[in-house]
Every structure is written in structure tokens, then in C-alpha cells.
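What follows is calculated from the coordinates using simple rules that are stated; it is not laboratory data. Quick caveat: nothing in here was measured; it's all calculated off a predicted structure. Methodologically, a virtual Cβ is constructed for each residue, glycine included, from the backbone with ideal geometry; neighbour enumeration extends over all protein chains shown.
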Number of protein chains: 2
Amino acid sequence: MTKLIQERINYMPGKKRYIFQRNDIFTFSMDAVLLAKFAKVPKEEGKIVDLCAGNGAVPLMLSLRTNAKIDAVEIQKELCDLAEKSVEYNSLEKQISVINQNIMKLSDEVKWGSYDLVTCNPPYYSINSHNRRNNNEKVSIARHELECTLEDVIRISSRLVKQTGRFAIVHRPERLVEIIMCMIKCSLEPKVLQYVYPKRKKEPNMVFIEAVRNGGPGIKTLEPIYVYDNEGHHYTEEFKNHYEQW
Amino acid sequence: MTKLIQERINYMPGKKRYIFQRNDIFTFSMDAVLLAKFAKVPKEEGKIVDLCAGNGAVPLMLSLRTNAKIDAVEIQKELCDLAEKSVEYNSLEKQISVINQNIMKLSDEVKWGSYDLVTCNPPYYSINSHNRRNNNEKVSIARHELECTLEDVIRISSRLVKQTGRFAIVHRPERLVEIIMCMIKCSLEPKVLQYVYPKRKKEPNMVFIEAVRNGGPGIKTLEPIYVYDNEGHHYTEEFKNHYEQW
């Protein structure tokens, strides 16, 4: 009996990029798209690496904002295959390289201290989190810290980025303190913070943080982003512009 | 020639407390009132201490929310005199004690490790800050870290608070990282965060942080507060309720 692989191809927001997805293991989330918009990119020259790249949503969107070369590092072979397909389908082979590696064991393909920007949309939940673990191991690896922890991600990002290079991460607001502590420990100074709120009068459910390697003190908090209108049914006009214009 | 002392008496928001002020040295700000609303108070029994108390705005407003005893510590004699007058005028002598001390040299009047809650609306600007220093030394002490730094305030608060007691502070958002680092260093775990934005599409200009001594990890970010409507002329309806209902 053959197993049905639920592979599909979708537009990404703005309809300038296509992405291959698999319902059974991974589909991209809003978080990845917003991270690609939040990060300050080197415009022309330069090198970017996206860690925990999944099916490549962050690199695909970043390629709309920069001509810099982008390495997409992902531990799961199936997700790399999807990312590769998307890269080809969008004719981005010259810009995006998909690298099927465990970030804990990076080889010479990625060079320490060489990147202008490191982006990461890591697994959000610690292994001990009450947040329900998915029975599907492939889904769990993307959501829970099974293969790498927040501290691992930040330590490795700090080693990948150039002096005064940038690191941009999206995470759950409840882990803000931990993120800041790890960053400081790794010489990454948090410089920009932005919260995303599902709607008015709700607590935020995403936080974006940009850090600069060996940056000076002082953090800037940007205006908040509201996804849905007060009724919670439709995107706000502002969010639509932010999310869909590329 | 006698110098004119511009002393006046004002209502505080909600019109349940009066406060003595002096235009030439200190008038309370919105920040103090919002801090008194933000802090979780022990309801009946218990002890609170407010550091950098100025003319007593935080204790005066806290007294509307709790029957706990409140110590108000302020370094400047003139501000203590104003606070004393307000305490008497509002008949709060049994609840609020004004203590004219330098927090760097606290004596036995305040007991280490004994408070359920420490609140503080400290000077916001470091000595080296570009923010213009006021020629009036008395104004400068309240605004700039001339007599105590952020780290001093947090270290002392941590020593004043009970095990698992709370510490609530208001500050400028750009100093968030520094605040968190100092708190962690002093065994105060940041647990609640709230931003105040002057209006929509603007960056926040205040951040409120509550920490618990020896608390577990994980921080909750509350819904944001907007002070003015989109035109920036009037308080939002929500803010009015928040600020004026006591």
C-alpha cells in the first residue's frame, strides 16, 4: 500500500512566490513571512543564512527584498526537498542554496563569522512545554525543541554572523526574557523589538527581535502590528498592506 | 528678596486624592499614576515601599487599592515635605509613612526582605544621556541618574522585597534590555510587561515591568495601552477609564 503524500503548491502573500508544502509535515506560517519583512537586509551584495528554514518560506520572501545570496539550513530532508522544489519553481537557484544539515553540526558549507544577516523562525516550545506534542515526529521537530534549543539557535547564530552583523528572530512573547539573556551571553545586543497582536485588547502572540553583534546598548520598540480587526474576522487594512505588499 | 515658591494643590486622576506640587521642582506625571494601577497590590495586610517617591503620587494612588502599609522613600527634603502635606490633607497618616532617605543609605526604618511589593518610578536618563539636563538640580535629580542608577534601584528593590514578593517599575522602553539584565542578576524574574503608546502607529514611550523574587521563567505581555486617539488631541475612551477610574 502506498502512502498518500499530500504535496501541494501555494502562492505566498503578495503572489510573487510559489511554495511547495505538505499538509502532513509542514506548511509555512504567517510568522515566517513577517520575519522576512522585519529583518533588515543587505540590499545588493552580502550573505544571509536562514536557520530552521523549514520549506524555505523565509528565504523565498527575503529574495524579494535583496539580491544577497541566501543559505537555507534545515535538518529535515523532506522539508529540504520541498524547499529545493520551490527554489527551482521560482527560478532562484542562483540566489538560494538549500543545505540539509543539523545546525548543531554545521560543516564547511556555511562559514563562521561570514554572514551579514542570520534569520531564524525556530521551534517555539521547549521539550517540557505543556503545549501539546504532535504524534507526528516531523511536525514535532519543527514545533518543539527536540533537535535544538533556543540557546543553541542563538549561540550558533552569533557564531555565523559577521562583526556588527544582524540576527533576526521571531518567537513567542513569553520567552522574551530567555531570548534577551541568551543574546547578551552571545554578544548579540538586542536593538529592535516588535510585537504582533492578534487583535485589539488581546495579548501579543509573536515577538520579533533584531540583535546586532557587539552592538551598543539601547533597544527600539516599533509600533505594534494588529492582524485582525476588532471582530477578529478580517485582516486590518494596515496588516494587509504589511503582509501582502512585496 | 523672598523667592516665590510656586506650591499648589491638585486633584489626582479620579479626583479621590489631592496632591501638593511645586512647579519649580516637581509635579507628578502620568507614569506614576499608571504604575500605581499596574502593580499587583497585597489587598489587606502587607507592606509596600515606593522608592524615588517624589511628591508621593504612587503611594497616594496605591492607597485607593489596598489597606497595606506604604513607605514612601525620597531623597529630596522638599519633595518629602510636599508628600507629607498630601498625606495629611488626604488623612492617610496611618497608612503612608514618608521617609526622607537616600535609597543608597537606607537605615533601619525600612527592613530588608520584608516588603510584599516594591514600586519605583526612577529617574529615566543616565548621566551620559543626550536628553537635556535641567539647570535646576532638584529637577535633574528626579530625571537623571545623579543619585542612583537603574542598577542601584533594582539591586536595592531586590533586597527590600520578600521571597516571592513583587517589584514593579516604569521606565523608558529603550532601557528594557538593561532592566531585564539587572533584574535577573538580582534574582528578580520579569513576569509581566506592558507598553504604553502615545497613539496608534507610534512607538511606545513607557514600559511597565513586574518581577517576582525567585520567580519561575516565562513573561506575560499584556494588551497595549493607547493614551491619545488617532488625532492625538483626546484621551481614548479606554485610556480614560483606565486612568481615571479608581
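In the calculated pair-distance distribution of chain B, the portion above 27 angstrom amounts to 33 percent of the Cα-Cα pairs. Charge dipole (Cα centre; +1 on Lys/Arg Cβ, -1 on Asp/Glu Cβ; no other charges) of segment B:7-190 amounts to roughly 480 debye. When DSSP beta bridges are restricted to pairs lying wholly in segment A:1-83, around 55% turn out antiparallel. Computed from the Cβ-Cβ distance with R0 of 51 Å, the FRET efficiency linking B:Glu109 to A:Met30 stands at 0.40. Across the options A:Phe26, A:Tyr228, A:His144, the greatest Cα extent toward the positive end of the charge dipole of chain A (unit charges at beta carbon of Lys, Arg, Asp, Glu) belongs to A:Tyr228.
For the protein assembly as shown, how big is the tail of P(r) above 39 Å, as a whole percent of Cα pairs? Summing the P(r) tail past 39 Å for the protein assembly as shown gives 32 percent.
So for segment B:70-191, what are the equivalent ellipsoid semi-axes in whole Å, largest first, each being the square root of 5 times an eigenvalue of the Cα gyration tensor?
23, 21, 12
The dipole here belongs to the protein assembly as shown: it is taken about the Cα centre, uses +1 on the Cβ of Lys and Arg and -1 on the Cβ of Asp and Glu, and is about 120 debye.
Counting from the shortest, the label point at B:Lys202, 7 Å from Cα toward Cβ, is 2.6 nm from the same position in each remaining copy.
Estimated at 0.36 nm per residue, the fully extended path between A:Thr164 and A:Glu151 surpasses their Cα-Cα distance by 2.7 nm. When B:Leu64 is represented by a point 7 angstrom out along its Cα-to-C-beta vector, the spacings to that point in the other copies are 4.8 nm, nearest first. Which of A:Lys220/A:Lys240; B:Lys77/B:Lys240; A:Lys201/B:Lys40; A:Lys15/A:Lys69; A:Lys69/B:Lys220; B:Lys85/B:Lys138 have a Cα-Cα distance over 29 Å? From A:Lys220/A:Lys240; B:Lys77/B:Lys240; A:Lys201/B:Lys40; A:Lys15/A:Lys69; A:Lys69/B:Lys220; B:Lys85/B:Lys138, over 29 Å: B:Lys77/B:Lys240; A:Lys69/B:Lys220.
Of all beta bridges DSSP finds with both residues in chain A, what is the antiparallel percent, to the nearest 5?
45
With unit charges on the beta carbon (Lys/Arg positive, Asp/Glu negative), name the residue among A:Val212, A:Ser91, A:Val73 whose Cα is farthest towards the positive pole of the charge dipole of chain A. Of the listed residues, the answer is A:Val212.
Neighbouring Cβ atoms from other chains, within 10 Å of the Cβ of residues in B:175-185, number 4 on average.
May I ask you to derive the FRET efficiency for B:Glu93 and B:Asn214 from their Cβ-Cβ distance with R0 = 35 Å, giving the value to the nearest 0.05?
Values: r = 34 Å, r/R0 = 0.98.
Using R0 = 35 Å, I get an efficiency of 0.55.
At full extension, A:His233 and A:Tyr18 could sit 74.9 nm farther apart than now, given 0.36 nm per residue minus the alpha carbon distance. Cross-link reach is defined here as a Cα-Cα straight distance under 20 Å, omitting same-chain residues fewer than 8 places apart; for A:Lys162 the aspartates and glutamates meeting it are A:Glu44, A:Glu45, A:Asp50, A:Asp71, A:Asp108, A:Glu109, A:Asp116, A:Glu151, A:Asp152, A:Glu189, A:Glu210.
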